[in-house]
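Structure, as structure tokens:
The values are calculated or read from the model by the stated rules, or taken from the named source; none is laboratory data. Note that the structure is predicted; figures quoted are calculated from it, not measured. Quick reminder, even Gly has a Cβ in these numbers, built from the backbone with ideal geometry, and neighbours come from all protein chains shown. For accessibility, only protein heavy atoms count, side chains too; no ligands or nucleic acids. Shrake-Rupley method; radii C 1.70, N 1.55, O 1.52, S 1.80 Å.
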Amino acid sequence: MDHEKPLLEDVFGIAWLDFNMSNVLMIAIASALVFILGVAASRKLQMKPTGLQNFMEWVIDFVKGIVGDTMDWKTGKTFLPLGLTLITYIFVSNLLGVAFMAVDSEHHLWWKSPTSDAGITLTLSTMVIVLTHYYGIKMRGVKEYGKDYFRPLPFLFPIKLLEEFSNTLTLGLRLFGNIYAGEILLGLLAGLTASGALGFFGGAIPMLAWQGFSLFIGAIQAFIFTMLTMVYMSHKVSSDH
């Protein structure tokens with residue numbers, strides 16, 4: 001269970017610039033899978049959708065419902081592509097380490113869910129919070145947007161600033177904690193099944209059960225991340241918040 005990160009150190013000769021090659025690999029794979037899914041679902045569009053197109057239209061309607069529950073559709077339709085991208089990318093990323101288990105080479109862990117790394121999930125959450133500020137200023141103007149930090153009382157300004165940091169941390173760490181914990185337990189169960197005949201029979205059934213539960217957790221976490229993104233976005237772009 002002692003795995004090291006496959007690091008590419010001192011990139012371009014910069015002492016502090018290191019890349020976790022496992023993260024780079026898994027981000028690329030997750031992105032490619034989501035891209036392939038999108039292309040395959042929209043390649044031959046039909047008036048009466050079937051198969052993958054039908055599934056993708058269901059996902060779009062599901063995300064549309066999330067957006068509609070958090071803000072009016074006239075404002076929220078702008079964020080449908082963002083929500084669709086987030087929920088599909090995070091869901092695929094969550095499942096990569098569950099469906100295929102961990103792959104290590106010379107004690108270097110290569111195959112895992114990219115969302116089991118706190119750096120990636122915090123980057124996603126930071127991107128989301130930055131986008132909320134961007135669209136808040138774009139759709140409401142700097143002056144009107146800035147007033148929200150002093151409403152309803154001016155002395156709440158420091159608390160509202162702190163809220164921005166806490167939203168970033170909780171959004172990213174919630175996703176990381178759930179996926180990372182699931183992969184750790186799967187790794188322990190996999191080690192038990194490989195320990196011998198007794199361990200195999202004692203660990204195989206719990207491992208299969210936990211894999212099924214992890215699929216559920218992966219879907220729930222993708223939904224929660226997307227929903228909270230739309231909630232935070234609605235607070236910035238809607239004038240009634």
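Can you name every residue in region 29-79 that is closer than 22 Å to Asn94 by Cβ and among the basic types (Lys, Arg)?
Once the filter is applied, which keeps residues that are closer than 22 Å to Asn94 by Cβ and among the basic types (Lys, Arg), region 29-79 yields only Lys64.
Mind checking which pairs have a first residue in region 128-157 that is of a type outside the set (Ser, Thr, Tyr) and a second that is part of a helix (DSSP H, G or I) and surrounded by 16 or more Cβ atoms within 10 Å (Cβ to Cβ), Cβ under 6 Å, 6 or more apart or different chains?
So the pair list comes out as Val128/Thr229; Ile129/Thr168; Gly136/Tyr145; Gly136/Lys236; Gly136/Val237; Ile137/Tyr145; Met139/Val237.
Only one of these is open to solvent by less than 70 Å² (accessible area, probe 1.4 Å) and modelled with pLDDT of 75 or more: Gly199, Gly177. Name it.
Going through Gly199, Gly177 in turn, the sole match is Gly177.
Here are the criteria: (1) out of contact with any strand residue (DSSP E or B) (no Cβ under 6 Å at 6 or more places or on another chain); (2) surrounded by 14 or more Cβ atoms within 10 Å (Cβ to Cβ); (3) touching a residue at least 40 places away in the same chain (Cβ under 8 Å). Tell me which single one Phe62 does not satisfy.
Among (1) out of contact with any strand residue (DSSP E or B) (no Cβ under 6 Å at 6 or more places or on another chain); (2) surrounded by 14 or more Cβ atoms within 10 Å (Cβ to Cβ); (3) touching a residue at least 40 places away in the same chain (Cβ under 8 Å), the lone unmet condition for Phe62 is (3).
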